[in-house]
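Asker: Here it is, the structure, as structure tokens.
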Amino acid sequence: MKHWITAGVLALALGAGHAEAKTFKWAYQGDVQSLDPQGLQETFTLGFLGNVYEALTHYDTNLKLEPALATSWENTDPTHWKFHLRKGVTFHNGDKFTADDVIFTWKRSLTPGSDVKGVGGEMTDIKKIDDYTILVTTPSPNPILPRELPFFYIMDKKWAEANNTTEATSPKDANSSTTYASTHENGTGPFVVTSRQPDVKTTFKRYDGYWNKDIPTNVDEVVFTPISEDATRTAALISGNLDLVFPVPVQDWPRLESAQGVKPLHGPDARTVFLGMDQFRDQLLYSSVKGKNPLKNKDVRAAMAHAIDLKAIDQKVMRGAANPTGELVGPQINGYDKAEGAPYKYDPKMAKDLLKKAGYPDGFELGMDCPNNRYVNDELICRAVASYLAKIGIKIQLNAQPKAKYFAKVGPQAGNDTSFYLLGWTPTTMDVHNTLLNIVHSFDKKTNAGQFNYGHYSNEKIDALITKIGVETDQKKRQDLIDQATKLLKDDYGYLPVHQQPLSWGIKSDVKAPQRPDDVLDFRYVVMP
């Protein structure tokens, strides 16, 4: 059954007819779980929706910040930013974009079901100066606020109110109901979603009323198909049924290199994949150990870190294409600390000794949650981790499942129903503070810090440093604070970093689609032959 989700009359929204309509067909390993731009802070979902919604700022193909719905901005004093909004912009249903929409979007981002509270919480007030000027107040000096906003998509206040969708809902919440915004869209972006069949197909058309007439794309229609099976996805590209697919398993690169008319696209990804642990419950939900939580013991965490051979995982699972790491951000991220970048040393004897010292000479059983359609070779990574931990006596009970079920289980809406999990993170600001605030900071429901700290790791010294990093404008002093926090985290074995995964796409040789370092596909730059 088709689910028509455009807002208003399609004649307004769809591009005028062209002599030769160009259709771009692509596939990913899973579908977006919602069209609500505040429903899920996940790179694929945000990238997907960035073709229909827009924010005040935008990243180009090299992640250079550029104007979008704001034409310019200035930091008028340490805690205030003035944004000048773009005039003449309309939403897909014809409504005019104004300051009221920005203020509504901000307020909506702080509602209980929102998954972007962390970004919304970077602002304590937005004052409307006139229809096209706003003054944003931040809780403390924030020298990089514009870089916080490229995925903070602006919604139409009138449309949301008319369709009773003024509060966000997240697919992470298994008890949330479907809302109009989760099945319909009304953005200002260059493409309109014309039909959607969840987990089957989504189609887009060019928006004829789009304000930017200079985007490079010549595409008139886009057809997206989620294909979970790696081999099927790759085969569909080689057969000519698709123009682009991702991710491509690294083991399939030679297959694409030898096939006619297609090629692999790969490069360094800004995302770091890591392992998190429940460090807040007094007893783990999924473990043979009763009455206490072994993961609160630093020696146990250290044993796990030194038991996993990250270089072997890179060679055997990732075909040497990943970058094994010892910290939660990669070299592309502002604030990266090269001194702490080396992975934890692989030393199974040390690991066994540490486990014995902690009081677990025979190890224990431990449940592990893992997505199987989110990151490159994610389930294979989890299986490899499980095999290494088994060698020191930690027997993993692996629960690998599609990302929709995975996030609904391990996320905060489910009370972080996990003991040990695999996660990936790309800081949307391309700055380390984003990772520290969202992943490392102690979970704080009031301020939304630590929103993605699913294991509730907590270190007061690091929290204090994160606060200072967020307001320090002297770059030398700021980097020193970052280095201190990075070292404290690594010495505490708060997380177990795995690697920066590779970007891994497959594309027809005559199709142009720039590969952004954050693994986002932006239709604005797709050019068909």
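Asker: Can you list the residues, at least 5 places off or on another chain, whose amide H is less than 5 Å from the amide H of Ser287, using H built in the peptide plane?
Answerer: Counting only residues 5 or more places away or on other chains, the set is Gly367.
Asker: Using only C-alpha positions, report the orientation-averaged shadow area of the convex hull of region 204-263, nm², one decimal.
Answerer: Values: hull surface 20.9 nm².
The orientation-averaged projected area of the Cα hull of region 204-263 comes to 5.2 nm².
Asker: Something else now. Just report the Cα centroid separation between region 65-144 and region 358-422, whole Å.
Answerer: One Cα centre to the other: 38 Å.
Asker: What FRET efficiency comes out for Asn62 versus Lys22 if R0 is 22 angstrom and r is the Cβ-Cβ distance? Round to the nearest 0.05.
Answerer: On the way: r = 25 Å, r/R0 = 1.13.
After rounding, the FRET efficiency stands at 0.35.
Asker: Here is a further query. For the chain, what % of the accessible area comes from carbon and sulfur atoms, probe 1.4 Å?
Answerer: Accessible surface attributable to carbon and sulfur in the chain totals 51 percent.
Asker: Between Phe280 and Ala358, what is the spin-label point distance in nm, taking each point 7 Å from the Cα along the Cα→C-beta axis?
Answerer: Using points 7 Å along Cα→Cβ, the separation is 2.0 nm.
Asker: Roughly what would the spin-label model give for Glu229 and Asp100, points 7 Å off Cα along C-beta, in nm?
Answerer: So the two model labels end up 5.2 nm from each other.
Asker: For region 341-489, what log10 I(q)/I(0) values come out of the Debye formula at q = 0.14, 0.15, 0.21 1/Å, with one point per alpha carbon and no solvent?
Answerer: Computed log10 I(q)/I(0) values: -0.86, -0.97, -1.31.
Asker: If the chain were replaced by its equivalent ellipsoid, with semi-axes equal to the square roots of 5 times the Cα gyration tensor eigenvalues, what would those be, largest first, whole Å? Spell out each step's value before the answer.
Answerer: Details: eigenvalues 284, 160, 86 Å².
Computed over the chain, the values are 38, 28, 21 Å.
Asker: Okay, next question. Estimate the FRET efficiency between Lys395 and Ile215 by the formula 1/(1 + (r/R0)^6), using the beta-carbon distance for r and 41 Å for R0, to the nearest 0.05.
Answerer: Working: r = 53 Å, r/R0 = 1.29.
Computed FRET efficiency for Lys395 and Ile215 comes out at 0.20.
Asker: Which translational diffusion coefficient, to the nearest whole µm²/s, is obtained for region 180-339 from the Stokes-Einstein equation, given a Kirkwood hydrodynamic radius over C-alpha pairs, 10 °C and 1.306 mPa s? Kindly include the intermediate steps, with their values, before the conclusion.
Answerer: Working: Rh = 20.7 Å.
For these conditions, the coefficient is 77 µm²/s.
Asker: Report the normalised scattering of region 258-397 as log10 I(q)/I(0) at q = 0.19 Å⁻¹, calculated by the Debye formula with identical scatterers on the alpha carbons.
Answerer: Computed log10 I(q)/I(0) values: -1.21.
Asker: Mind checking the dipole of region 380-529: about its Cα centre, +1 per Lys or Arg Cβ, -1 per Asp or Glu Cβ, Debye to the nearest 20? If you can, show how the numbers build up before the last one.
Answerer: Values: 19 positive and 15 negative charges, 95 e Å.
For this selection, approximately 460 debye.
Asker: Hey, quick one: spin label on Asp510, modelled 7 Å out along Cα-Cβ, who in region 243-267 has an amide N within reach, i.e. under 13 Å?
Answerer: 261-262
Asker: Report the one residue of Asn323, Gln38, Tyr336 whose Cα lies farthest in the direction of the positive end of the charge dipole of the chain (charges on C-beta: Lys and Arg +1, Asp and Glu -1; origin at the Cα centre).
Answerer: Result: Asn323, furthest along the dipole toward the positive end.
Asker: Provide the FRET efficiency to the nearest 0.05 for the Ser72-Lys311 pair, computing r from the beta carbons and using R0 = 45 Å.
Answerer: Values: r = 47 Å, r/R0 = 1.04.
According to the calculation, E is roughly 0.45.
Asker: Given the rule -39500 (n - 2.57) for each run of at least 4 DSSP H residues, summed and divided by the residues of the chain, what is its mean residue ellipticity at 222 nm, to the nearest 500 deg cm²/dmol? Please list the in-between numbers first.
Answerer: Values: 17 runs with 137 residues, N = 529.
Roughly -7000 deg cm²/dmol at 222 nm, from the helical runs in the chain.
Asker: About the Cα centre of the chain, what is the dipole size in debye to 20, counting +1 per Lys and Arg Cβ and -1 per Asp and Glu Cβ, all else neutral? Can you show the working numbers first?
Answerer: Values: 61 positive and 64 negative charges, 187 e Å.
The calculated dipole for the chain is roughly 900 debye.
Asker: Given a 1.4 Å probe and heavy atoms of the protein chains only, how would you sort Trp253, Trp73, Trp159, largest accessible area at the top? Provide the component values of the computation, followed by the final result.
Answerer: Values: Trp253 35, Trp73 65, Trp159 15 Å².
The ranking, largest first, comes out as Trp73, Trp253, Trp159.
Asker: On a C-alpha basis, how far is the centre of region 208-235 from the centre of region 309-330 in Å? Whole number, if you could?
Answerer: For region 208-235 versus region 309-330, the Cα centre distance is 30 Å.
Asker: Ordering Lys357, Lys476, Lys263, Lys391 from largest to smallest accessible area (1.4 angstrom probe), what's the sequence?
Answerer: Values: Lys357 145, Lys476 170, Lys263 85, Lys391 120 Å².
So, going from the largest accessible area down, we get Lys476, Lys357, Lys391, Lys263.
The values are calculated or read from the model by the stated rules, or taken from the named source; none is laboratory data. Since the model is a prediction, treat every value here as computed from it, not as a measurement. Note: ideal-geometry Cβ built from the backbone for every residue, glycine included; neighbour counts use all protein chains shown. These area figures cover heavy atoms from the full protein model, side chains too; ligands, DNA and RNA do not enter into them. Shrake-Rupley method; radii C 1.70, N 1.55, O 1.52, S 1.80 Å.
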